[in-house]
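K.L.:
This is the structure I want to talk about, given as structure tokens.
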Amino acid sequence: MEPGRPLSVSSDAIQCVGQGGSFVVEPEKGPPPMDEQALARLGKKQVLKRRFGFFSIVGFAMAELITWETVLTMFYQSYDNGGPAGAIYGYIIACLSTLSVYTVIAELTSMAPIAGGQYYWVYMLAPSRWKKVSSYLIGWLTCMAWIATIATETIFLGTMIEGLIALNNPYFAQQRWQNTLLAWASVAGTFFINVLGPNILPRFEIFILVLHLTGFIAVTATLLAMSYPKKSAAFVFQTSLNGGGWPTQGISYCVGFIGNIATFAGADASVHMAEEVSNAAVVIPRAIISGMSLNSALGLSMMLTILFCLGDVDVLGATGFPFIQIFYNSTGSYIGASFMTAIITVLTGACSVGIATTASRMTWSFARDQGLPFSRFLKKVNNSTKVPIISVSVVCGFSCILSLIYIGSDTAFNDVISLVVTGFYCTYFLPSAFLLYHRIKGHILPHGATTLNGLPDIATSTASTTEKGHTTVKRPHSPECDSSQENNPQIETSQAPLIWGPWKVPGILGVMNNMYACVYMLFVLFWSVWPSETPVDYTTMNYSIVVTGGVVILSCLWYWLRARKEYNGPLIDEEIAEIMHLGSGAMPGAFSSTVPSF
């Protein structure tokens with residue numbers, strides 16, 4: 001072949017220009033299905049089974065939020081600091097602001113629908129020198145936040161079961177060790193459903209969606225019909241409280257506001273199911289926005305209902321949950337209150353099933369890119385069920401270990417809970433901030449640009465060095481990632497092109513929304529580390545910054561000791577590399593790209 005000589009090729013071939021001249025590689029097979037094309041663009045081969053469609057993933061997204069149920073279980077935090085007015089107006093602000101945040105998350109998902117979510121997006125968007133370390137830290141923080149969420153949800157479930165027993169048996173003395181055992185039983189149930197019944201999960205989530213909606217109608221109608229007397233509108237919309245003893249009412253509002261934030265934590269659950277959803281680039285963004293919008297409306301209705309039907313706030317009973325006592329005060333019946341509480345308990349248990357699924361997929365994805373200790377085991381997928389059973393086992397096991405903390409101190413366990421809000425919002429903020437930078441600079445190409453049969457042009461595909469504002473792409477190499485590696489060998493590293501997905505907020509509206517979301521997340525992170533009351537001592541201190549900082553410090557330590565030699569960012573599966581002309585012998589030189597770099 002004469003160097004530099006132009007070639008005439010068909011539309012199904014790729015022309016590459018390297019140091020040895022131009023050459024063409026004709027694909028041996030037709031284009032893969034759309035979902036596999038989208039995943040191949042991100043450097044990954046389809047391994048998991050795409051079981052979910054639109055309605056099942058909407059059910060999954062709504063079951064993970066369980067907003068109206070969480071309003072019942074956590075409304076007292078915003079009520080105590082802020083009062084009824086602070087709770088209701090804070091909820092509205094949190095609802096609209098969180099919708100802004102998840103709109104940005106939906107845009108990122110549409111750009112790169114992959115189970116790794118945040119850590120992949122950070123690597124894709126971050127400056128070259130910070131790609132590895134920032135991606136690594138976000139990966140660890142996301143994994144730990146989801147594992148902490150399993151522990152949190154199952155402990156809540158155990159507490160509610162004990163509260164239900166206490167409602168019907170006034171002589172029952174709640175013990176934290178009993179709560180932990182109940183949490184372990186819940187974890188065991190989630191484990192078996194995830195491992196033994198993966199094919200029923202979509203139908204299970206649709207069933208939970210129906211129960212979620214019908215349960216809301218049943219509980220709301222019962223409270224409104226049987227609660228007497230009801231609070232006045234002036235009480236609900238004009239009364240402020242400062243139960244934390246803060247120097248100003250404004251601070252009290254902000255501290256109580258975090259109770260409303262926790263109501264919406266974890267709406268990115270469906271993101272980590274991206275490799276199990278058909279047409280994920282479109283379906284998951286729609287599911288996120290649909291689930292968030294519907295849940296927000298249900299949560300607002302429940303917040304208004306519970307505040308109007310509050311009754312005597314000084315009588316909380318021995319259940320540990322104000323809402324259980326409110327159920328009893330409204331119905332005057334132990335059976336009625338128990339039935340209403342049982343609905344909340346069942347939906348909380350269903351939520352823990354989905355949380356374990358999400359946590360395991362996130363852990364599996366990060367291990368697939370060598371981001372965790374013992375990654376060679378954690379990344380394995382069962383051939384028959386297409387489920388990462390080892391990852392499911394590990395996240396369930398670690399959540400059981402975390403729940404042991406509750407036996408020693410419920411205050412210490414609350415610090416684990418704090419990792420949920422602080423950890424999640426840290427992982428949301430960084431990719432959102434990088435996305436804002438790129439969309440302002442105009443670095444992101446229109447949807448469908450620079451692709452060939454759904455796969456990326458070789459020039460926009462891999463890790464890079466910078467020269468005169470462009471990216472020079474070279475064939476990655478790692479002695480640890482050769483063709484002898486078992487179970488789907490990989491080569492470094494995946495750098496997906498910056499191309500908008502099919503779902504985005506257009507123009508200046510997208511920029512403004514992205515900007516507001518980033519400012520709001522900083523606000524949430526600032527107030528999430530505040531204690532709930534004064535005076536502050538070791539029993540009332542909020543240790544979330546310590547817990548979150550501890551995760552970051554430990555991950556940094558592991559990164560310095562070992563991971564910096566093993567983790568190189570998201571990897572490209574070897575089979576995908578061959579399709580992308582990165583396989584052995586297909587790329588003799590370096591190639592130029594016009595993808596902006598910074």
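What follows draws every value from the coordinates through simple rules; no lab data is involved. Keep in mind that what you see is a predicted model, and the values were worked out from it rather than measured. Note: ideal-geometry Cβ built from the backbone for every residue, glycine included; neighbour counts use all protein chains shown.
K.L.:
List, in the order given, every pair from K131/K504; K380/K504; K44/K380; K379/K504; K131/K380; K45/K441 whose Cα-Cα distance in the structure shown is over 22 Å. Please list the in-between numbers first.
P.N.:
Numbers: K131/K504 24 Å; K380/K504 34 Å; K44/K380 14 Å; K379/K504 31 Å; K131/K380 25 Å; K45/K441 32 Å.
Beyond 22 Å: K131/K504; K380/K504; K379/K504; K131/K380; K45/K441.
K.L.:
Mind running the shape call on region 66-127? Use the C-alpha gyration tensor, a ≥ b ≥ c as the square roots of the eigenvalues: rounded below 1.5 for a/c, prolate if a/b tops b/c, oblate otherwise.
P.N.:
Prolate.
K.L.:
Another question, if that's okay. Quick one: if you take sqrt(5λ) for each eigenvalue of the C-alpha gyration tensor of region 230-348, what semi-axes come out, biggest first, whole angstrom?
P.N.:
Details: eigenvalues 208, 95, 35 Å².
For region 230-348, the semi-axes come out at 32, 22, 13 Å.
K.L.:
Taking θ as phi - 60°, what are the ³J(HN,Hα) couplings along region 124-131 by the Karplus curve (6.51, -1.76, 1.60), each to the nearest whole Hz, with x for Gly and Pro?
P.N.:
Whole-Hz 3J(HN,Hα) from phi for region 124-131: 5, 9, 6, x, 3, 6, 10, 4.
K.L.:
Once amide H atoms are built 1.01 Å from N in the peptide plane, which residues 5 or more positions from I499, or in another chain, come under 5 Å H to H?
P.N.:
Amide H to amide H, under 5 Å and 5 or more residues apart or across chains, I499 pairs with L445.
K.L.:
Order of 137-148, 437-448 by packing, highest average Cβ count within 10 Å first? Each step should come with its number before you reach the end.
P.N.:
On the way: 137-148: 26.1, 437-448: 13.7.
Averaged packing, sorted descending, gives the order 137-148, 437-448.
K.L.:
Another one. Fewest first, what order do V353, V346, V551, V271 take by the number of other Cβ atoms within 10 Å?
P.N.:
On the way: V353 26, V346 15, V551 21, V271 31.
Placing the least packed residue first, the sequence is V346, V551, V353, V271.
K.L.:
Determine the distance separating the Cα centre of region 385-410 from the Cα centre of region 419-451; give it in Å without decimals.
P.N.:
Using only Cα atoms to place each centre, the spacing works out to 30 Å.
K.L.:
Among 117-124, 166-173, how do they line up by average Cβ neighbours within 10 Å per residue, starting with the highest?
P.N.:
Values: 117-124: 28.1, 166-173: 12.9.
Highest-to-lowest ranking by the protection proxy: 117-124, 166-173.
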